[in-house]
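The values are calculated or read from the model by the stated rules, or taken from the named source; none is laboratory data. Keep in mind it's a predicted model, so treat the numbers as computed, not measured. Every residue, glycine among them, receives a Cβ derived from its backbone with ideal geometry; neighbour counts consider all protein chains shown. Only protein heavy atoms, including side chains, enter the accessible area calculation; ligands, DNA and RNA are left aside. Shrake-Rupley method; radii C 1.70, N 1.55, O 1.52, S 1.80 Å.
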Amino acid sequence: MGVYHAGSRAVQDRLGVRDQADHVGRSMGDTLKPVAAAFLELQPMLVLGAADRDGGGVWASVLTGEPGFVHALDPRRIAVDVGVAVTDPLAPALAVEGARVGTIALDPRTRRRMRLVGRSWPTPRGLAIEAERVFSNCPRHLQKRESYEWVADRIPEEPRRGTELTCSQQEFIAAADTFLLATVHADGVDVSHRGGNPGFVRVESPRELAWRDYPGNSMFLTLGNLLGDPRAGVLFLDWTTGTTLHLTGEARTEFAADGERTVRFTVTEAVRTPAAVPLRWSPPEYSPANPDPTR
């Protein structure tokens, strides 16, 4: 698998950033370096994305555990010593041996993030993932959260499913400063981070969201994936209550004459799980790179 597929190249060429993308792409490898393995072992959460079997929907979800629950087995494999709840929308995809998955480990305390793309296998303790691509991203648009508390005695409620967003879910999204986005292509799955000041995600209707695609590393992995396959999964986290909101649907990118990009996401299913995550994070310090969402 090369660094970029045709979809990413098409977006890079359209925006005239192929040279920058080639430069950034040199940092992408297929093994875990010691510094990457050490970073993973410090994290209390890992976000994963995958597609349902037989061309079904794409979902993103989050696994949590005491630091060390994600750890390197060797330079090509990691173990995740926590399983996905049977009620999690990602559970059917992760039950498949050799499922294509994307992961992102992000640390709000240090504004660092690392992505790993590969294949997963169920294990008695959770998952084993074999890496095909490993790389880090810059801290741009990642909100800083200084600390977290672990709520061990929480009781997760049953997921609530729907085909459009409720009023309270729309308000939650409008106030969000972060979400995770899973997209797919023929060679795998990518999970990326999107962040901004509250209001950066617009709720256009109970079934449609929109957001500006802020300037980043010029790789355009996500937008390149969407050119070839519009399926996408979105995950919103409530950093103070542990509630998760999973959305699956399709996304398309609109390009303005000046190169500015807007992504529009149409919801086909929404799954909200109160108190799904045991982490309770401190209030955010917004990234100084975040644009004013009202402009």
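Give the residues of the range 37-71 that are farther than 28 Å from residue 154 by Cβ and in contact with a strand residue (DSSP E or B) (Cβ under 6 Å, 6 or more places away or on another chain), sorted by residue number.
Passing the criteria: 37, 51.
With (1) farther than 22 Å from residue 289 by Cα; (2) at pLDDT 95 or above; (3) not polar (S, T, N, Q) as the list, and residue 188 as the residue in question, which single condition is left unmet?
Every condition holds for residue 188 apart from (2).
State which residue is nearest to residue 47 (Cα to Cα) when the search covers only the range 160-196 and only residues that are of a type outside the set (Gly, Ala, Ser), open to solvent by less than 40 Å² (accessible area, probe 1.4 Å) and outside any strand (DSSP E or B).
Among those that are of a type outside the set (Gly, Ala, Ser), open to solvent by less than 40 Å² (accessible area, probe 1.4 Å) and outside any strand (DSSP E or B), it is 177.
Open to solvent by less than 20 Å² (accessible area, probe 1.4 Å), among the polar types (S, T, N, Q) and closer than 25 Å to residue 148 by Cα - does that describe any residue in the range 98-116?
yes
Please tell me if residue 152 is open to solvent by 10 Å² or more (accessible area, probe 1.4 Å), of a type in the set (A, V, I, L, M, F, W, C), assigned to a loop (DSSP other than H, G, I, E, B) and out of contact with any helix residue (DSSP H, G or I) (no Cβ under 9 Å at 6 or more places or on another chain).
So residue 152 passes the test.
Within the group 131, 91, which residue is among the hydrophobic types (A, V, I, L, M, F, W, C) and surrounded by 17 or more Cβ atoms within 10 Å (Cβ to Cβ)?
On the way: 91 fails: surrounded by 17 or more Cβ atoms within 10 Å (Cβ to Cβ).
Result: 131 is the single residue among 131, 91 that is among the hydrophobic types (A, V, I, L, M, F, W, C) and surrounded by 17 or more Cβ atoms within 10 Å (Cβ to Cβ).
What residue, of 19, 74, 81, 30, is in contact with a strand residue (DSSP E or B) (Cβ under 7 Å, 6 or more places away or on another chain), of a type in the set (Asp, Glu) and either more than 26 Å from residue 243 (Cα to Cα) or open to solvent by less than 60 Å² (accessible area, probe 1.4 Å) (or both)?
Step by step, each of 19, 74, 81, 30 is checked, and only 30 is in contact with a strand residue (DSSP E or B) (Cβ under 7 Å, 6 or more places away or on another chain), of a type in the set (Asp, Glu) and either more than 26 Å from residue 243 (Cα to Cα) or open to solvent by less than 60 Å² (accessible area, probe 1.4 Å) (or both).
Looking only at the range 127-149, how many residues end up being of a type outside the set (D, E, K, R), in a strand (DSSP E or B) and more than 19 Å from residue 26 (Cα to Cα)?
4
Taking the range 35-71 on its own, how many of its residues are free of Cβ contacts under 8 Å to residues at least 60 places away in the same chain, open to solvent by less than 50 Å² (accessible area, probe 1.4 Å) and either of a type in the set (Gly, Ala, Ser) or over 24 Å from residue 272 (Cβ atoms) (or both)?
7
For the range 5-46, which residues satisfy the criterion of being assigned to a loop (DSSP other than H, G, I, E, B), within 26 Å of residue 107 (Cα to Cα) and of a type outside the set (S, T, N, Q)?
Applying the first criterion (assigned to a loop (DSSP other than H, G, I, E, B)) to the range 5-46 yields 5, 16-17, 26-28, 30-33, 42-44.
After this cut, where a residue has to be within 26 Å of residue 107 (Cα to Cα) as well, the list is 26-28, 30-33, 42-44.
Answer for the range 5-46, where residues must be assigned to a loop (DSSP other than H, G, I, E, B), within 26 Å of residue 107 (Cα to Cα) and of a type outside the set (S, T, N, Q): 26, 28, 30, 32, 33, 42, 44.
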